[in-house]
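What follows is a single structure, written as structure tokens, with notes after it.
The values are calculated or read from the model by the stated rules, or taken from the named source; none is laboratory data. Since we're looking at a predicted model, the values are computed, not measured. Every residue, glycine among them, receives a Cβ derived from its backbone with ideal geometry; neighbour counts consider all protein chains shown.
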Amino acid sequence: MSETPDGVEVRPYEPGDAAAFWELKRGFELGIGEGTGGDDKLSKYEAKLTDDYRERYLSWVERCATDDPGCVVVAEAVSGDGHGDGGIDSDGGDGDDDGDARLVGYAFALPEEMTFIWDAAVLNELFLDADYRGTGVADELMAAVLDHARSQDLPLDRIVLDVDEANDRARAFYDRYGFDHWGELVARDL
């Protein structure tokens, strides 16, 4: 595992993080669309990122973080950490101002009340700005998610997630953490 860069802290999501969190969420969605499928998949993921979707999604994140503190965590970096100018200021800016804290990643475990979906803890999303990949920050996010999942009252003692089979980097990351193939997800258009 890599050493986490100085100046990066993993902490619970706060309401003031919404604008920056949304920009990271956009990166997550567009990365799925672009990195794991053709132009059709990317255009579908781009199309869903409307203002209405943003408002609904951020409202849901806020409810989850309020109902189950710690289920949503963010990685926050302070300028001058020596790892590029990536990330998003809490006001949604580009994080280039000296001394500004900016979000560079997040992890979202579904709240405890939703553990009945899979009878387990669920890692909904984990995303890291490209400038911080390979630095150990994703390991810190995963550690926070696993700690939070262990604190939940789970019907079954496991954590599950959905990872696109074409996302080799993510699959290798989850393999390193001992995630095994479990079941099979199937889908169809509505």
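Select the helices (runs of 4 or more DSSP H) contained entirely in segment 1-109, then report the ones holding at least 1 residues which are modelled with pLDDT under 80 and of a type outside the set (Val, Ile, Thr).
Values: elements: 18-35, 39-48, 51-67.
Here the list reads 18-35, 39-48.
Which ones in segment 122-158 are of a type in the set (A, V, I, L, M), at pLDDT 95 or above and over 20 Å from residue 21 (Cα atoms)?
146, 149
Taking only segment 168-190 into account, find how many residues are touching an Asp or Glu at 6+ places or on another chain (Cβ under 8 Å) and either hydroxyl-bearing (Ser, Thr, Tyr) or outside any helix (DSSP H, G or I) (or both).
Number satisfying all stated conditions: 1.
Kindly indicate the residue of segment 110-162 that is at positive phi and out of contact with any Leu (no Cβ under 7 Å at 6 or more places or on another chain) and also surrounded by the fewest Cβ atoms within 10 Å (Cβ to Cβ) among those meeting that condition. Before you say what the answer is, go through the steps one by one.
Taking segment 110-162 and keeping what is at positive phi, we get 119, 134, 136.
So of that shortlist, the ones also out of contact with any Leu (no Cβ under 7 Å at 6 or more places or on another chain) come out as 134, 136.
Working: 134: 12, 136: 14.
Among those that are at positive phi and out of contact with any Leu (no Cβ under 7 Å at 6 or more places or on another chain), it is 134.
For segment 135-152, check the following and say yes or no: at least one residue is aliphatic (A, V, I, L, M), touching a residue at least 12 places away in the same chain (Cβ under 8 Å) and not in a helix (DSSP H, G or I).
There is no residue in segment 135-152 that is aliphatic (A, V, I, L, M), touching a residue at least 12 places away in the same chain (Cβ under 8 Å) and not in a helix (DSSP H, G or I).
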